[in-house]
1. Arrange Arg234, Arg195, Arg396 by Cβ neighbour counts within 10 Å, fewest through most, would you?
2. Please turn the phi angles of the stretch 72-89 into ³J(HN,Hα) values with the Karplus equation 6.51 cos²θ - 1.76 cosθ + 1.60 (θ = phi - 60°), one per residue in order, whole Hz, x for glycine and proline.
3. So how far, in whole Å, is the C-alpha centre of the stretch 382-397 from the one of the stretch 209-242?
4. Take the stretch 57-178, drop everything but the C-alpha atoms, weight them equally and run the Debye formula without solvent; then report log10 I(q)/I(0) at 0.12, 0.17 Å⁻¹ to two decimals.
5. With label points built 7 Å along Cα→Cβ from the Cα atoms of Asn371 and Glu321, find their separation and express it in nm.
6. Taking θ = phi - 60°, what integer Hz values does the Karplus form 6.51 cos²θ - 1.76 cosθ + 1.60 yield along the stretch 372-387, in sequence order, with x for Gly and Pro?
7. Stretch Arg164-Asn398 to full length: gain in nm at 0.36 nm per residue minus the Cα-Cα span?
8. I'd like the distance separating the alpha-carbon centroids of the stretch 264-336 and the stretch 55-130, in whole Å.
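No value in this document is a laboratory result; all are computed from the given coordinates. Computed from a predicted model, the values in this text were never measured in an experiment. Using ideal geometry, Cβ is built from the backbone for each residue, glycine included, and neighbour counts are taken over all protein chains shown.
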Amino acid sequence: MEPKSTTFALENGLDLKQLVSTGSVLHINEDYDDNCIEAEKSESKQLDFIGQPVANFQELEKSMTPVDENGFVKKKVVEEGGGLPVCDGNTVSVAFSGYWQDSMEPFDAQSLHKPLVVDLKDNGLLPGFERAIRSMLVGELSIFLFTHDLMYGEMGVPPRIKPRARSIFYVKLLKSIFTAKEGKIDFSEPNMFRRVHHEVKMLYSSGMTLYKTQNFPAGLQLFRKAVFMLHKCRLADETEEKVQEKMLIKLYMNLAICYNKTKQPLKACTACNELNRLNSLWNNGKALFQNAKALRMIGQFDAAENRLRRAMKLCNNKDIEAELKLLLKSKETCNQSKIFVKNFIETNIDLVTDNFKKEVENLIKNFKENNDLCKLIMPQGLNSSEVAYIKEVCIRENLFFNKIKTGINCDGEDFPQNKNKAEEFKENYALDKYEDNFSSTTKIFSDENDYDEQVLF
């Protein structure tokens, strides 16, 4: 039986010259735990890759949509991205993990810390993988199902890749920048960041002036133009990219505030989604405050409360407390769930009960009288007669009743680090005090908060 070896960690390094001449006193680091460090290393290595094995491709395929006409590439979005679509002039950074059916380990992967960087115009990627990347937006995480046709072909590469093999890939598009031209960078180009940044700062300053004079619609136009220019500009290096990201955060924050000021809460939610993509929502009390205010205005009370609670942990003040009181009051008077108390024995009967009519009348009356609400999303599962009755009451009360599609992630604890499930867009209806001039499909994160609505950044 071999003797068990014991290892020690020293407080300081070993000076060999001193050791052979005058001698050394060795100080053992008693706090050192080799097993603990190895556990941390293995954990970080495990978390560095994205995705997980899939046992049944056929079941997953049912929830996917085709990317190409032939259905060789199918896709399911797990986390939404933002910005402009990628094109030939872009260099992208992607992390991915590829799995065969029933395999527990990825057969191919690039980690989040060391992503694959490719020029989309000249890349050498497999055709299916390139089509997948071109279908994505920056920040997006999606699952792709590939047939052999655009990946490894009829024969495969035995024994590692079987003939006619299907595979799934988790792909995260981390970054997209304009590809630098060969030779020296021409800083005189009109879309170079240096030139664009100067003009963006002018637009930002003018927008701030308009905001201070309470000309919110005009300020919105300038902030939106600045965002568009930043997304279209060409970056020379990572330093410029960091400056661009910092400016985008300020602009999206201002857009959220102005959209709330002009009673456009769905657009405010979209601006907050962009802040989330830039990792500046859940760690930003002011962004959470604005997000919560927008959610409260559309009747997503539970989501708004969760975000306010989160904001209070980051930077509690009187404005957040006042918003929370307003939210709880609105939740009490305009609770949509009351109209959905049904007799489950009659769930298949398409009728309108007297209790339903009474609750709808009270709900619409309270909604009209509440100046802090501008849109109220109805609960899922209304039958056609109930929808028709609500529409009839809205016409009588001079309200709009719009059909919308929302992707609402309703888990209040679902912070960005836990986002692993796809957002599903569902058809729904909403009471509205204003004609809906927004897109019919809107993604809404379930928690939102407002911080300091008086100050732009």
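1. Arg396, Arg195, Arg234
2. 6, 10, 10, 9, 9, 7, 9, 10, 5, x, x, x, 8, x, 7, 8, 4, x
3. Answer, in whole Å: 42.
4. Once normalised to I(0) and log-transformed, intensities are -0.41, -0.85.
5. Between Asn371 and Glu321, the simple spin-label model gives 2.4 nm.
6. Coupling constants for the stretch 372-387: 8, 10, 10, 8, 9, 6, 6, x, 6, x, 6, 7, 5, 5, 5, 4 Hz.
7. So the chain would gain 78.2 nm between Arg164 and Asn398.
8. Result: 33 Å between the Cα centres.
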